[in-house]
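Comments concern the structure below.
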Amino acid sequence: MSHTGINLAELVIKEVKKWGADRCADLVTDNAANMVAMRRNVLHAFKHMVEFRCMMHALNTCMGSLLGHAWAKKIVKRNQKTVTSIRASHLPLTELGKIAKRMGITRMLITSNKTRFTSVHASMESVVRLQPALTDWS
């Protein structure tokens, strides 16, 4: 099936009818062109429905823009390089784990995915949390 707005709308309309239109009050999507077209068609079919843009998607888009600035890219890249180099080899990861455990730090390094700002935060937070063990290790 093609992911055009019309095809998606037909699918959504079919499902809303199956569930019962009275049980469906709103429609939440991101702002991709096919979703905009789909929303327009679904809301035309069901006048009582209210549309919402996904706030997490909007926030992720904003954070992606922020993380695209040179100063942020530098910080994220340095963090990811640290995490990747340690996690790439069993020996450094094991040694860091032993030091962290001795210091009472139980959670280890987390890698990030640049398309998910929450994973970037989790990765950077893991480096900050492990800072005492990283300092002791190096």
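The values are calculated or read from the model by the stated rules, or taken from the named source; none is laboratory data. In this text the structure is predicted, and so the values were computed from the model without any measurement. For neighbour counting, all protein chains shown are included, and Cβ atoms are generated from backbone atoms with ideal geometry for every residue, glycine included. These accessible areas exclude ligands, DNA and RNA; they are computed on the full protein's heavy atoms, side chains included. Shrake-Rupley method; radii C 1.70, N 1.55, O 1.52, S 1.80 Å.
Between residue 59 and residue 25, what is the FRET efficiency for a Förster distance of 30 Å, r being their Cβ-Cβ separation, to the nearest 0.05? Computed FRET efficiency for residue 59 and residue 25: 0.85. Within straight-line reach of residue 81, meaning a Cα separation under 26 Å, sit the following lysines at least 8 residues removed in sequence or on another chain: 73, 98, 101, 114. Largest accessible area first, the residues 54, 62, 24 order themselves as 62, 54, 24 under a 1.4 Å probe with ligands, DNA and RNA left out. Rounded to the nearest 10 degrees, the angle from helix 55-67 to the longest Cα principal axis of the chain is 40 degrees.
Figure the gain on full extension for residue 36 and residue 135 (residue separation times 0.36 nm, minus the Cα-Cα span) and round it to one decimal in nm. Intermediate values should be presented prior to the final figure.
On the way: separation 99, 0.36 × 99 = 35.64 nm, distance 4.98 nm.
Result: 30.7 nm gained on full extension.
Charging the Cβ of each Asp and Glu at -1 and of each Lys and Arg at +1, and nothing else, the dipole of the stretch 18-127 about its Cα centre rounds to 440 debye.
Hey, with R₀ at 25 Å, roughly what FRET efficiency would residue 18 and residue 50 work out to, going by the Cβ-Cβ distance, to 0.05? Walk me through the intermediate numbers first.
Working: r = 20 Å, r/R0 = 0.81.
Given R0 = 25 Å and the Cβ-Cβ separation, E is 0.80.
Expressed as a whole number of Å, what is the distance separating the alpha-carbon centroids of the stretch 86-121 and the stretch 1-43? Centre-to-centre (Cα) distance: 41 Å. Taking label positions 7 Å along the Cα-Cβ direction at both residue 3 and residue 121, the computed distance is 2.5 nm, reported to one decimal.
Quick one: helix 33-45 against the long Cα principal axis of the chain, what's the angle to the nearest 10°, folded into 0 to 90? Once rounded, one gets 40 degrees.
Is the C-alpha gyration tensor of the stretch 1-97 telling us rounded, prolate or oblate? Criteria: a/c under 1.5 is rounded; beyond that, a/b larger than b/c is prolate, otherwise oblate.
Details: a/c = 3.54, a/b = 2.57, b/c = 1.38.
Note, shape of the stretch 1-97 comes out prolate.
Between 80, 21, 59, the Cα set farthest toward the positive side of the dipole of the stretch 1-83 (charges on each charged residue's Cβ, about the Cα centre) is that of 80.
In order along the stretch 116-127, the Karplus-derived 3J(HN,Hα) couplings, from 6.51 cos²θ - 1.76 cosθ + 1.60 at θ = phi - 60°, round to 10, 4, 5, 6, 5, 4, 4, 5, 5, 5, 5, 5 Hz, and Gly and Pro are given as x. In this structure residue 22 has an accessible area near 140 Å², from a 1.4 Å probe over the protein heavy atoms. A 1.4 Å probe, protein heavy atoms only, puts the accessible area of residue 135 near 80 Å².
Solvent-accessible area of the chain (1.4 angstrom probe, protein heavy atoms only): carbon and sulfur portion equals 62 percent.
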